[in-house]
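Structure first, then comments.
The values are calculated or read from the model by the stated rules, or taken from the named source; none is laboratory data. Nothing here was measured: the structure is a model prediction, and the numbers come from that model. Positions of Cβ are backbone-derived with ideal geometry, glycine not excepted, and every protein chain shown enters the neighbour counts. Just the protein is used for accessible areas: all its heavy atoms, side chains included, with ligands, DNA and RNA removed. Shrake-Rupley method; radii C 1.70, N 1.55, O 1.52, S 1.80 Å.
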Amino acid sequence: MTHRQTTADTVPPTPTSAGDTHEVTNTEFKQYLVQHSSGRVGDQSLDQTSHPVVNVSWDQAAGFCNWLSRRDGLELVYEISNGVVASSKLEANGYRLPTEAEWAFAARFSDQGMQRYTWGDSPAPSADSANIADESAIKFIALIYKDYRDSFSLTAPVGSFTPNQHGLFDISGNASEWVHDFYEVKVIAPGVVETDPAGAERGRYHVVRGSGWKHSGLTELRLSFRDYSDTPRNDLGFRVVKWAN
C-alpha cells in the first residue's frame, strides 16, 4: 500500500548540505556491503556497476553513510545497533540521508519559484529529462508514459539525463530515494512556517521521495510526490549529503 500527499511548504535548511550529485551506485555501495545484489527483473540485471543501487533497506542506507563518515574521519550521524538505527545526530558533520525538507527544496526550488516537474511545469517530459516507465519499459511495466522513450527498460547509469537547476541528477526517474525522516501526515496551520523540520522522532515507515523507473503517472512524476516504505524495493535507492564545510 502506498500513500501520496503533497508536502507543506517549508523553509529550506539554514546550513547548506553538500553531497553527491547522483544516487549511490552499485559499485559504491558494494565497497561497504560486498555481497549486496540489486537483483534482476526478468532477463535484465539491476546490478550493473554504474546504475543506482536498489533493494537496500533504510538501515543499510544509513549504514553506508556511517561507513563513508568513518572513511573520511567524520563524526557519525547514525547510532546503529545490530544493524538497526537506534538514534541519529543530524548536527554531526558526517554523511547522512537528506531530510525530506532538504530533498524537496533541492528538487523544487528555482529562481522562477517551486517547480512541478524536474523538466519544468509541463506534465510532458522533455527529451532526455528522466528515466521513467516509458515505451522502452513496455516489456516489464503495464502502465507506461506513451510518446516518450528514454532507451532504458529498468535503471540507467547515474548521470545519464539532464540535471536539475542545482546540478543534481535523477531527482526524477531512475530510482526513488530514501530520505532521513520517519513518515507522518502532519497538519500545519495556515500561516505557520516550519524551519529545518526533520520529521517525527520515531515510526515504522520512512519517507520515500522522487519517481523511479517504474513510474509513469502524473502524480508520481511530480516533484511533490510523497511515498513511504519499511522494506527494500527494486525501484528504491538513495543519495547522501553532508553539511558543507
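Ordering of 48-60, 84-96, 164-176 by packing is 164-176, 48-60, 84-96, highest average first (other Cβ atoms within 10 Å, averaged per residue).
Taking the accessible area of the chain, probe 1.4 Å, and keeping the other protein chains in place, the carbon and sulfur fraction comes to 51%. Per residue, the convex hull around the alpha carbon atoms of the chain comes to 128 Å³. Each Lys and Arg Cβ is given +1 and each Asp and Glu Cβ -1; about its Cα centre, the chain then shows a dipole of about 340 debye.
In the context of the full set of protein chains, the chain has a per residue accessible area of 47 Å² (1.4 Å probe). Backbone phi angles across the range 31-36, fed through the Karplus curve with coefficients 6.51, -1.76 and 1.60 (θ = phi - 60°), yield HN-Hα couplings of 5, 8, 10, 4, 7, 5 Hz in residue order; Gly and Pro are listed as x. Here r is the Cβ-Cβ distance between GLN31 and GLU91 and R0 is 22 Å; the resulting FRET efficiency, rounded to 0.05, is 0.25.
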